[in-house]
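K.L.:
My questions will all concern the structure given below.
Just so you know, all these numbers are worked out from the coordinates, no wet-lab data involved. A quick note: this is a predicted structure, and the numbers were derived from the prediction, not measured. With ideal geometry, Cβ positions are generated from the backbone for all residues, glycine too; neighbour counts draw on all protein chains shown.
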Amino acid sequence: MTTANKPSQRNKNRAANQAAISQISELYPRTFDREAVKPLKIGIQDDLVADGKLPQGKIKRALASYVRSPLYYKALQAGAVRIDLNGEAAGEVTEEQAEHARAMLEKIREEKKARAQAAREQAKAEREKAKEARFNDKLSQLLSKNS
C-alpha cells in the first residue's frame, strides 16, 4: 500500500468499524451504548458468536473498536460491574484490569500528543518552504528586471 492510499484505507476501516458498532448496538442496546459505556463480560465474544445474529468477522470488528475506545477504558474502574448481552451483571473489573485501562488511556494520550506535535512541525516546515519559495520568486523577479 502506498502512502497516498493509507488515509483512504484508514477512513474505510473507520467507517466499517463504526458500521459494525452501530449494528451490534442496535441488536444489543442494553449492552452496547456509546452514551453510557459499561465494561463487558469477559468472554462476551463467545456469547455473541453463539447468539448467531452477526457474522464472526463483524463481531470481532465491533468488539475490537468498542473495547479500544477511550470511553471504554474510562469505564474500566476497579469494582465496576461488567455486563452480559442482556445488560445484566456478569462480574466485576479487577484492580489489575483497571490499571491496564489507565495505562492504555495514557498511551492514547501520548500518541495523540505526538501526532499533534508532528502535525505542528509539518505545518511549520510547509510555511518555511512557502516563505522560501516566495523569497526566491521575488529574487528572480528582481534579477530579471535588472538584466
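K.L.:
Which residue, chosen from ASN136, ILE44, LEU85, occupies the Cα position most advanced towards the positive end of the dipole of the chain, where the dipole is computed from +1 (Lys, Arg) and -1 (Asp, Glu) charges on Cβ about the Cα centre?
P.N.:
The Cα lying farthest towards the positive end belongs to ASN136.
K.L.:
Would you please give the residues with an amide H less than 5 Å from that of ALA90, counting only those at least 5 places away or on a separate chain, with H modeled from the backbone geometry?
P.N.:
ARG82, ILE83, ASP84
K.L.:
Shifting gears a bit: Where q = 0.14, 0.18, 0.24 Å⁻¹, what log10 of I(q)/I(0) comes from the Debye formula for region 68-147, counting one point per Cα?
P.N.:
The calculated log intensity ratios at q = 0.14, 0.18, 0.24 Å⁻¹ are -0.67, -0.83, -1.05.
K.L.:
Of LYS74/LYS107; LYS38/LYS58; LYS53/LYS74; LYS107/LYS131, which ones are farther than 24 Å apart at the Cα? Mind dumping the intermediate values first?
P.N.:
Working: LYS74/LYS107 13 Å; LYS38/LYS58 20 Å; LYS53/LYS74 28 Å; LYS107/LYS131 36 Å.
Pairs exceeding the cut-off: LYS53/LYS74; LYS107/LYS131.
K.L.:
Same structure, new question: Using just the Cα positions, wrap the chain in a convex hull and report its mean projected area in square nanometres, one decimal place. Present the calculation step by step, with values, prior to reporting the outcome.
P.N.:
On the way: hull surface 50.4 nm².
Taking the Cα atoms of the chain, their convex hull projects to 12.6 nm² on average.
K.L.:
Next question, about the same structure. Region 53-101: Rg/Rh from Cα coordinates, Kirkwood Rh? Walk me through the numbers before you get to the answer.
P.N.:
Numbers: Rg = 12.1 Å, Rh = 11.8 Å.
That ratio is 1.02, to two decimals.
K.L.:
Just tell me which lysines come within less than 22 Å, Cα to Cα, of LYS129; anything on the same chain fewer than 8 places away is out.
P.N.:
LYS138
K.L.:
Based on the mean of other Cβ atoms within 10 Å per residue, sort peptides 110-116, 25-31, 56-62 so the most packed one is first.
P.N.:
Working: 110-116: 10.1, 25-31: 15.1, 56-62: 17.1.
Ranking, from highest mean packing down: 56-62, 25-31, 110-116.
K.L.:
Give, in nm to one decimal, the length gained when the segment between ARG102 and LEU71 is fully stretched (0.36 nm per residue of separation minus the Cα-Cα distance). Numbers along the way, then the final one.
P.N.:
Working: separation 31, 0.36 × 31 = 11.16 nm, distance 1.14 nm.
Length gained between ARG102 and LEU71: 10.0 nm.
K.L.:
Moving on to the next point. Can you give me the Kirkwood hydrodynamic radius for region 15-99, using every pair of distinct Cα atoms, in Å to one decimal? Walk me through the intermediate numbers first.
P.N.:
On the way: mean 1/r = 0.0779 Å⁻¹.
One over the average 1/r among Cα pairs gives 12.8 Å for region 15-99.
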